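For reference, the structure is listed below as structure tokens.
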Amino acid sequence: MKEKINKVPIYAYLIKNSIYINTTTCCSNVCDFCIKFYATGVAGYDLTLDAEAGVEETCAQIDALISPQIESIVFCGLGESTYRLDFMEEIASKYKGRGLKFRLNTNGHGNLINKFDIVPRLSGFIDSVSISLNAHDKITYDKLCNPAFDGAYEAMLEFCKNCAGRISEVYLSVIDMPMVDIKKCRAIADNLKVKFRVRPYIAPEIKPDKCGACDKS
Ligand code: SF4
């Protein structure tokens, strides 16, 4: 990790017309391509955290950024937001009724992490979910993402299936990498009747053996 340049931890940050919430750095995957293993954040923001944000500190930063131009609040960051379901729900409840869209970027392990089906709760406050498919099959997924859970690939697909029809907008996303068969990935999304998104690959400088960002993975 590069040296921290911001003195105040960033819990909410602005990209275009969205406010992103830096929910956690914990994750149940250790993806070879994850930005957190070779950079401190995105779009010039240092998103490393010594401790997870509380609702109050996060709302204070959201309030400082919010304006009539803001269209959505996105739960994202350098980790897996579904580790903090209550936190997300509370943040959403504070800003609902303002015409904002609530989005979640997730690795799709939320049900394994929380040990129950979180989709009914998510569908109460999330309008759009983007799930990282990452690979066309389990073998490739395990190689690329090093999941903490057995059966993570299947659980991610099951999570996607549960979201479809319950959450207004559902995406499966992949990174355009040589070992990923984009055609097969697109077919998986089509089969699940969800939208499909391909993201460009940015080669990391270092590849991790393990995450080490928290004790949850
Ligand atoms: S799912 Fe992979 S890319 Fe996303 S935060 Fe976790 S390790 Fe990083």
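The single condition among (1) more than 22 Å from Met177 (Cα to Cα); (2) in contact with a strand residue (DSSP E or B) (Cβ under 8 Å, 6 or more places away or on another chain); (3) within 16 Å of the ligand (Cβ to nearest atom) that Leu122 does not meet is (3).
All conditions but one from (1) in contact with a strand residue (DSSP E or B) (Cβ under 8 Å, 6 or more places away or on another chain); (2) under 22 Å from Asn111 (Cβ atoms) apply to Ala53; the one that does not is (2).
For Arg166, state whether it is at pLDDT 85 or above, surrounded by 13 or more Cβ atoms within 10 Å (Cβ to Cβ), more than 12 Å from the ligand (Cβ to nearest atom) and more than 21 Å from Asp127 (Cβ to Cβ). Judged against the criteria, Arg166 is not a match. When the residues of region 169-187 are filtered to those that are of a type in the set (A, V, I, L, M) and surrounded by 19 or more Cβ atoms within 10 Å (Cβ to Cβ), the one that is farthest from Leu122 (Cα to Cα) is Val180.
Scoring Asp86 on the criteria (1) within 20 Å of Arg199 (Cα to Cα); (2) among the charged types (D, E, K, R); (3) out of contact with any strand residue (DSSP E or B) (no Cβ under 7 Å at 6 or more places or on another chain) leaves a single failure, condition (1). Pairing each residue of region 54-71 that is modelled with pLDDT of 95 or more with any residue that is basic (Lys, Arg), provided the two are 6+ apart or on different chains, yields C-beta distances under 8 Å for Val55/Lys94; Cys59/Lys94; Glu71/Lys101. Cβ-Cβ distances below 6 Å connect the following pairs, each with a first residue in region 101-115 that is on the phi > 0 side of the Ramachandran plot and at pLDDT 95 or above, a second residue that is aromatic (Phe, Trp, Tyr) and away from the ligand (no atom under 12 Å from the Cβ), and a separation of six or more residues or different chains: Gly108/Phe159.
The set of residues in region 1-53 that are at pLDDT 90 or above and at positive phi contains only Lys16. A residue that is surrounded by 20 or more Cβ atoms within 10 Å (Cβ to Cβ) and on the phi > 0 side of the Ramachandran plot can be found somewhere in region 62-80. Checked against (1) surrounded by fewer than 14 Cβ atoms within 10 Å (Cβ to Cβ); (2) within 16 Å of the ligand (Cβ to nearest atom), Met88 passes all but condition (1).
Residues of region 96-112 that are in contact with a strand residue (DSSP E or B) (Cβ under 6 Å, 6 or more places away or on another chain) and away from the ligand (no atom under 16 Å from the Cβ): Leu100, Lys101, Phe102.
Yes/no matrix, rows are residues, columns are (1) outside any loop (DSSP other than H, G, I, E, B); (2) touching a helix residue (DSSP H, G or I) at 6+ places or on another chain (Cβ under 8 Å); (3) among the charged types (D, E, K, R); (4) more than 16 Å from the ligand (Cβ to nearest atom):
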site: Val8; (1), (2), (3), (4): no, no, no, yes
site: Tyr13; (1), (2), (3), (4): yes, yes, no, no
site: Asn29; (1), (2), (3), (4): no, yes, no, no
site: Asp32; (1), (2), (3), (4): no, yes, yes, no
site: Thr40; (1), (2), (3), (4): no, no, no, no
site: Thr58; (1), (2), (3), (4): yes, yes, no, yes
site: Gln61; (1), (2), (3), (4): yes, no, no, yes
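The values are calculated or read from the model by the stated rules, or taken from the named source; none is laboratory data. The structure presented is a predicted model; accordingly, all values stated were derived computationally and were not measured. Counting neighbours? That spans all protein chains shown, and the Cβs are built from the backbone with ideal geometry, glycine included.
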